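Here is the structure we will look at.
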Amino acid sequence: MAFSRILPAAPALAAAMWPVLPTVLLGTVCLFLMIGLGIVFPDLGTGYTAAGIVAVTVAAAYGSHVRLQRERTLFQVRLVADAAQQVVLGPMPRRFGDVEVESLYVAAAAEARIGGDFYEAVDTEYGVRLLIGDVRGKGLPAVGQAAAMVNCFREAAHDEAELGRVARRLEASSTRYSAAYPPGDLAESFATALLAEIPHGGGGIAILNCGHPPPLLLGRGELRVLEPSDPSPLLNLAALIGDHYTIDTFGFAPGDHLLLYTDGVTEARDRDGVFFPLEDWMRRQRPARPRELLDGLHRDLLHYSGHGLDDDIAALAVRADAPERA
């Protein structure tokens, strides 16, 4: 009797994992099994249990159908998100002459795949130019503005000889994009950004920081935080606070590692709410290549946060090699 009462549960459990046809077949098997038990044991109440199996099987088949439709929809959404990520954060060459660049992007939600963090690296006649930034806000508007920033940078980095003019092009692109939204949303549409330029032949690195977390430079066992001497305005706010851009130059020797990152890295928290100590972590690193640095950062961030991140993470790791002699 106890066995006969659990038969209706079988198709219900199958609907959570199986397609429609196997779910219906299992319900049919349970129905015939119940009929057979009723013949052997007439006092089981076969009619009520058989009716319950039929009803549960029909509901389970419908539930399986709905689940499969949602899984297909989610799969299509992920394909679109992957395509958008390829547009905004396209694959970059790992080496530009003597400069090696690696990238890391981790979405806070696995289903999102992409957010408002962005980065790019291009090789121009003025040197290797890097961009990393973070759009305020979430959802499609943030992704759209990030795409506008990256596409503008890909053109301006080749056209403009000065980083300040590249920043002004990014500011103009951000302003035009934000103009498509109601005025009430403009305060939420600004973006932080950091531009860097490594001249061909090495010798140093120029940085223009528009309200972005300062990069870290690890060389010869010493860590330097590359703070701007005078902050530059955030993108889309130059009309309010002026468009004065400051470019700082720092030494960048062969073998040094440069880490550019978004605030999702430093704002990762442990279970006690303590922020990730990025500077202390960086001092302990002795990476041979940028990929090793980013792999270690990704692994330690997941471990520190208990395998759960509250914000998107983007990072670029850069290393300059000694120029080859002819």
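Go through region 19-28 and give me each residue that's surrounded by 14 or more Cβ atoms within 10 Å (Cβ to Cβ) and part of a helix (DSSP H, G or I).
Val20, Pro22, Thr23, Val24, Leu25, Leu26, Gly27, Thr28
I need the full set of residues from region 251-300 which are of a type in the set (A, V, I, L, M) and under 30 Å from Gly202 (Cα atoms), in order please.
Across region 251-300, the qualifying residues are Ala253, Leu258, Leu259, Leu260, Val265, Leu278, Met282, Ala288, Leu293, Leu294, Leu297.
Does Ala268 qualify as being in contact with a helix residue (DSSP H, G or I) (Cβ under 8 Å, 6 or more places away or on another chain), over 22 Å from Asp98 (Cβ atoms) and loosely packed, with under 11 Cβ neighbours inside 10 Å?
Criteria not met by Ala268.
Can you find a residue that is modelled with pLDDT of 90 or more and in contact with a Leu (Cβ under 8 Å, 6 or more places away or on another chain) anywhere in region 175-191?
Looking for residues that are modelled with pLDDT of 90 or more and in contact with a Leu (Cβ under 8 Å, 6 or more places away or on another chain), one finds none in region 175-191, hence no.
How many residues does region 29-44 contain that are free of Cβ contacts under 8 Å to residues at least 40 places away in the same chain and either surrounded by fewer than 11 Cβ atoms within 10 Å (Cβ to Cβ) or farther than 22 Å from Ser64 by Cα (or both)?
10
I'd like to know if region 245-258 contains one or more residues that are at pLDDT 90 or above and under 25 Å from the mean Cα position of the chain (by Cα).
yes
May I ask you to verify whether Ala157 is within 25 Å of Ala320 (Cα to Cα) and out of contact with any helix residue (DSSP H, G or I) (no Cβ under 7 Å at 6 or more places or on another chain)?
No: the conditions fail for Ala157.
Can you tell me how many residues in region 106-137 are surrounded by fewer than 24 Cβ atoms within 10 Å (Cβ to Cβ), at pLDDT below 90 and over 12 Å from the mean Cα position of the chain (by Cα)?
Qualifying residue count for the region: 2.
The values are calculated or read from the model by the stated rules, or taken from the named source; none is laboratory data. Bear in mind that the values here come from a model prediction, so they are computed numbers and not experimental data. For neighbour counting, all protein chains shown are included, and Cβ atoms are generated from backbone atoms with ideal geometry for every residue, glycine included.
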